[in-house]
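J.: The structure follows.
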Amino acid sequence: MRWRAPELVAAFLDHPAPFFDPLTTVRVPSWSRGRVVLLGDAAATALLGDGSSMAMAGAYALAEELAAHPGDHARAFGAYESRLRHEVGPRQRRVGLLSRLMVPRTRPRLAVRNTVDRAVGRTNPIASREAANR
């Protein structure tokens with residue numbers, strides 16, 4: 001990204017209303033209301049691609065519960081949610097930790113993150129090759 005940094009900074013500075021999307025976790029008491037049910041990132045915030053796999057696993061679990069409770073969507077939704085909640089809790093805790101690591105709020109933590117990124121890049125053959133090509 002180094003080669004595009006000046007262009008991106010200029011675009012940011014020129015924009016009349018820049019927008020930042022914070023890394024936040026929204027927790028809802030229930031994943032369903034009426035005949036509407038949430039899947040994937042809508043049900044539980046994920047990070048680093050978890051949302052897609054959670055949506056597929058959730059859709060599969062929801063389909064199974066709807067088949068197991070024909071004509072009773074409320075019971076199926078409840079069974080689906082209780083089935084997946086145990087998996088979501090640890091993922092949501094990771095989101096908080098990873099967001100604090102990826103987007104630190106202080107200069108010292110930013111320096112630590114950047115040092116770790118560089119060290120990991122040196123031990124990762126693909127990242128090292130990409131960095132050498134910049």
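J.: With a 1.4 Å probe and all protein chains kept in place, how much accessible area does Leu98 have, in Å² rounded to the nearest 10?
T.: 50 Å²
J.: Taking θ = phi - 60°, what integer Hz values does the Karplus form 6.51 cos²θ - 1.76 cosθ + 1.60 yield along the range 29-37, in sequence order, with x for Gly and Pro?
T.: Per residue, the Karplus-derived 3J(HN,Hα) values read x, 9, 8, 9, 8, x, 9, 10, 10 Hz.
J.: Additional query: Could you please report the charge total around Arg83, scoring K, R as +1 and D, E as -1 over all other residues with beta-carbon less than 9 angstrom from its beta-carbon? Each step should come with its number before you reach the end.
T.: Details: positive: Arg85; negative: Glu64, Glu65, Glu81, Glu87.
With Lys, Arg at +1 and Asp, Glu at -1, the net is -3.
J.: For Glu64 paired with Ala10, estimate the spin-label separation in nm (one decimal), with each label point 7 Å from Cα along the Cα-to-Cβ line.
T.: In this crude label model, Glu64 to Ala10 measures out at 5.5 nm.
J.: Follow-up question, since we're still on this one. Taking a cut-off of 18 Å, what percent of all Cα-Cα pairs in the range 25-106 are separated by more than that?
T.: Summing the P(r) tail past 18 Å for the range 25-106 gives 42 percent.
The values are calculated or read from the model by the stated rules, or taken from the named source; none is laboratory data. Model, not experiment: these values are computed from the prediction. Neighbour counts are summed over all protein chains in view; Cβ atoms, including those assigned to glycine, are modelled from backbone coordinates with ideal geometry. Side chains are part of the model used for accessible areas, which takes the heavy atoms of the whole protein and leaves out ligands, DNA and RNA. Shrake-Rupley method; radii C 1.70, N 1.55, O 1.52, S 1.80 Å.
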